[in-house]
Amino acid sequence: MTAGLTQPTAPFVAAAALPAIEARHLTKHFDGLTVVSDMSLQLARGEILGLIGPNGAGKTTMFNLLAGSLKPSSGEIWVEGREVSGQAPEQRIAHGVARTFQIPRPFLEMSVLENLLVGAQKQTGERLFANFLAAGLVRREEKAALEKAHAILEFVTLSRLAHEPARVLSGGQRKLLELARVLMADPQVILLDEPAAGVNPALLEVIMERVAALNAEGKSILLIEHNMDMVSRLCSRVVAMALGKLLAEGAPADVAADPAVIEAYLGGGA
Ligand SMILES: Nc1ncnc2c1ncn2[C@@H]1O[C@H](COP(=O)(O)OP(=O)(O)OP(=O)(O)O)[C@@H](O)[C@H]1O
Ligand SMILES: [Mg+2]
């Protein structure tokens, strides 16, 4: 009779162990082609997990599935113990999951600051009569969004470019703007698709340091990246995939030395 008193309750144990996001046996077919095949992975809360693999392995497709822009052919996606498989991207963002795009597409003629503000529009001002009924509230929300955008630009080191059109940004600065755009949604889970691709070494250090800082704030991060130096420095665990399938999982050095992973890279994914 007393045993139950010394045991933590089952829900407590389950909550502590719940992954921030989890893919369960995800498969995606495109016109008869299987691009992701029975992929499972778990991102623990507070972890930075690397997702590596040769070009065409299916990494971005995994992000599209996790973020909700593609529906899986089969399999499930869970966020903090809640199944989200059928949910649209906006609903996943509401649950704290946000992703960057491999190729950022900012509004080139808008300022850097405006690019952040257009993303922050699920506010009162969008509702038809809100402008008439609650002008004060709308103004307060606009002010809050503006302050938040400035703070985020400071965080990603783009403050001095806030009023420049996005077209003047370098490739690396566009990656930082893409990260800033995502941070406007206050995500708890951030999916980063090649944040360092094409970025010069100085800016690469900034991006790496910012990703580490977000993680230190408690954000869980899934990182797609070809730069193994970056992966080794940021991630204690890596998942490797090729041809849509899981190849290996473990510490970066062990995964990089795995014969199946080496073979996949040498064979160009085959
Ligand atoms: N919408 C689509 N329709 C058909 N095939 C697609 C579609 N999207 C991706 N693919 C194919 O799926 C495969 C995986 O693509 P994906 O973009 O997920 O790879 P990746 O691992 O992100 O590659 P990279 O490292 O080059 O970014 C590729 O063969 C690609 O051509
Ligand atoms: Mg990709």
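Extension gain for Gln91-Lys143 works out to 16.2 nm (0.36 nm per residue, less the C-alpha to C-alpha distance).
Averaging the Cα positions of each part gives two centres, and for the range 193-251 and the range 168-185 these lie 16 Å apart. For the range 205-214, putting each phi into the Karplus relation 6.51 cos²θ - 1.76 cosθ + 1.60 with θ = phi - 60° gives couplings of 4, 4, 4, 4, 5, 5, 5, 4, 5, 4 Hz, in residue order, rounded to whole numbers and with x for Gly and Pro. Positive contributions from Lys and Arg (+1) and negative ones from Asp and Glu (-1), summed over other residues with Cβ under 13 Å from the Cβ of Met230, come out at -2.
Close amide H pairs (under 5 Å, H built 1.01 Å from N) link Leu247 with Ala240, Met241, Ala242, residues at least 5 positions away or on another chain.
Among residues other than Pro201 whose Cβ falls under 14 Å from its Cβ, what is the net charge (Lys/Arg +1, Asp/Glu -1)? Don't jump to the answer; show the numbers that get you there.
Working: positive: Lys175, Arg233; negative: Glu205, Glu209, Asp229.
Net charge around Pro201: -1.
What length, rounded to one decimal in nm, is gained on full extension from Leu108 through to Glu164, with 0.36 nm per residue of separation minus their alpha-carbon distance?
Working: separation 56, 0.36 × 56 = 20.16 nm, distance 0.99 nm.
Contour length minus Cα-Cα distance gives 19.2 nm.
Each peptide among 205-214, 43-52 gets the average number of other Cβ atoms lying within 10 Å of its residues, and from highest to lowest they stand as 43-52, 205-214. At a probe radius of 1.4 angstrom, the accessible area of the chain per residue rounds to 51 square angstrom. Note on surface exposure: Met184, Met228 rank Met228, Met184 by accessible area, highest first, 1.4 Å probe.
Heavy-atom accessible surface of His95, to the nearest 10 Å², is about 70 Å², with a 1.4 Å probe and all protein chains retained.
The values are calculated or read from the model by the stated rules, or taken from the named source; none is laboratory data. From a predicted model like this one, the values you see are computed outputs, not experimental measurements. A quick note on method: Cβ atoms are made from the backbone with ideal geometry, for glycine too, and the neighbour counts reach across all protein chains shown. When the accessible area is computed, the model is the full protein with side chains, heavy atoms only, and any ligands, DNA or RNA have been set aside. Shrake-Rupley method; radii C 1.70, N 1.55, O 1.52, S 1.80 Å.
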